[in-house]
Amino acid sequence: MTLEVLDAGTLTTIQDLGRFGHAHLGVPRAGALDAPAAALANRLVGNGRAAAVLETTLSGLTLRTHQARTIAVTGATCEVTVDGRAVAHSEPVSVRAGATVELGRASIGVRTYLAVGGGIAVPPVLGSRSTDTLAWVGPPRVRDGVRLPVGTCEGSPAPLDVGVRRPAGAHLRIAPGPRSDWISDQAWRDLDHAEFTVAADSNRVGLRLHGPPLDRARTGELASEGIVLGAVQLPPSGQLVVFLHDHPVTGGYPVIGLLEPDDLAICAQLRPGERVELRGQSSSGRGAGPSAGSSTA
């Protein structure tokens, strides 16, 4: 069983739960940015949570099936057609052999997930089938004309019972990070309910936020440090960066905050130009030291 990619769009990658246990070697986690949406797609087609899916970015995807299977499309809202006929988003859809499946451009959100019964069965690299777009560890980005192997179905398609819903008016919760003492108490208080705009150069490495520059309370640079997913870094520009699944090490800039893990999926679907509000948690415990952010998790 294979899927033949006719049009891969701007950026389509293969993603699963991610690559764990190698951060101390400089290999990031990777994995689906909107993990709840990817998990829902897998559940709808009868796959386990660890099955690999296709993650598209804004522009969509067109492919042809070479065997009858069940597919599901979740994540960013888009039109989904099979042989030109509109089918449901976030529901299991039976597709005949030789059918053409098209995911249109995302109308709400950024990243759409396509799961197929059996999962995308490319060989794993360091225990994961995820594509890391920073170091390009794992399978290469999906290109036009490639044929992707599909595994054997192990479960039955499931009806939608609990979907993935996002609240209107996005906000991101941030707690003090290991280098939060690099900004003043007043600057930390000002972050609470501060509004930022999502920058156009945001990607799987990091969500870049543009707003009033945040002044440092200390000068100089730090030695590079390992960081966790969701670390909020303050570079010399004063504009915040929320590190996502393909993040590097710090590069010498302070990690002043840590994003609430449940808010990471919101970052995956924020479009360039959208406004987002930060919700700062208590400043108690600020400056807890490098161990709070240097985990290899």
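Close Cβ contacts (under 7 Å, 6 or more residues apart or on different chains) running from residues in segment 53-64 that are farther than 21 Å from residue 31 by Cβ to residues that are of a type in the set (S, T, N, Q) and part of a strand (DSSP E or B) comprise 62/100; 64/100. So which residues in segment 100-122 are buried (at least 23 other Cβ atoms within 10 Å of the Cβ) and either part of a loop (DSSP other than H, G, I, E, B) or not hydrophobic (A, V, I, L, M, F, W, C) (or both), if there are any at all? Hits for segment 100-122 are 111, 112, 113, 117, 119.
Consider segment 36-87 and keep the residues that are of a type in the set (Gly, Ala, Ser) and buried (at least 24 other Cβ atoms within 10 Å of the Cβ). The one that is nearest to residue 104 (Cα to Cα) is 76.
Scan segment 10-35 for residues that are buried (at least 20 other Cβ atoms within 10 Å of the Cβ) and more than 15 Å from residue 119 (Cα to Cα) and the total you get is 10. Every condition in (1) within 19 Å of residue 138 (Cβ to Cβ); (2) touching a residue at least 40 places away in the same chain (Cβ under 8 Å); (3) not small (Gly, Ala, Ser) is met by residue 43 except one, and the failing one is (1). Here is a check on your reading of the model: is residue 236 touching a residue at least 24 places away in the same chain (Cβ under 8 Å) and over 14 Å from residue 180 (Cα atoms)? No, not satisfied.
Considering only residues in segment 192-216 that are among the hydrophobic types (A, V, I, L, M, F, W, C) and modelled with pLDDT of 90 or more, the one that is farthest from residue 13 (Cα to Cα) turns out to be 194.
Against the numbered list (1) exposed (fewer than 15 other Cβ atoms within 10 Å of the Cβ); (2) in contact with a helix residue (DSSP H, G or I) (Cβ under 6 Å, 6 or more places away or on another chain); (3) at pLDDT below 85, residue 283 comes up short only at (1).
Could you tell me which residue of segment 83-99 is farthest from residue 41 (Cα to Cα), considering only residues that are assigned to a loop (DSSP other than H, G, I, E, B) and charged (D, E, K, R)? Spell out how you get there, then give the answer.
If we filter segment 83-99 for residues that are assigned to a loop (DSSP other than H, G, I, E, B), which is where we start, we get 83-84, 88-92, 96-99.
Now drop any that are not charged (D, E, K, R), which leaves 83, 91, 96.
Values: 83: 21, 91: 8, 96: 19 Å.
That would be 83.
Would you confirm whether or not segment 125-137 contains a residue that is basic (Lys, Arg) and either part of a helix (DSSP H, G or I) or free of Cβ contacts under 8 Å to residues at least 12 places away in the same chain (or both)? Explain how you work it out, then say what you get.
Within segment 125-137, the subset basic (Lys, Arg) is 129.
Applying the additional criterion that residues be either part of a helix (DSSP H, G or I) or free of Cβ contacts under 8 Å to residues at least 12 places away in the same chain (or both) yields none.
Taking every residue of segment 125-137 in turn, none turns out to be basic (Lys, Arg) and either part of a helix (DSSP H, G or I) or free of Cβ contacts under 8 Å to residues at least 12 places away in the same chain (or both).
The residue list 292, 297 contains one member that is at pLDDT below 90, out of contact with any Cys (no Cβ under 8 Å at 6 or more places or on another chain) and closer than 11 Å to residue 230 by Cβ, which is 297.
The values are calculated or read from the model by the stated rules, or taken from the named source; none is laboratory data. The structure displayed is predicted, hence computed values, not measured ones. Here Cβ is always computed from backbone atoms with ideal geometry, including for glycine, and neighbour counts include all displayed protein chains.
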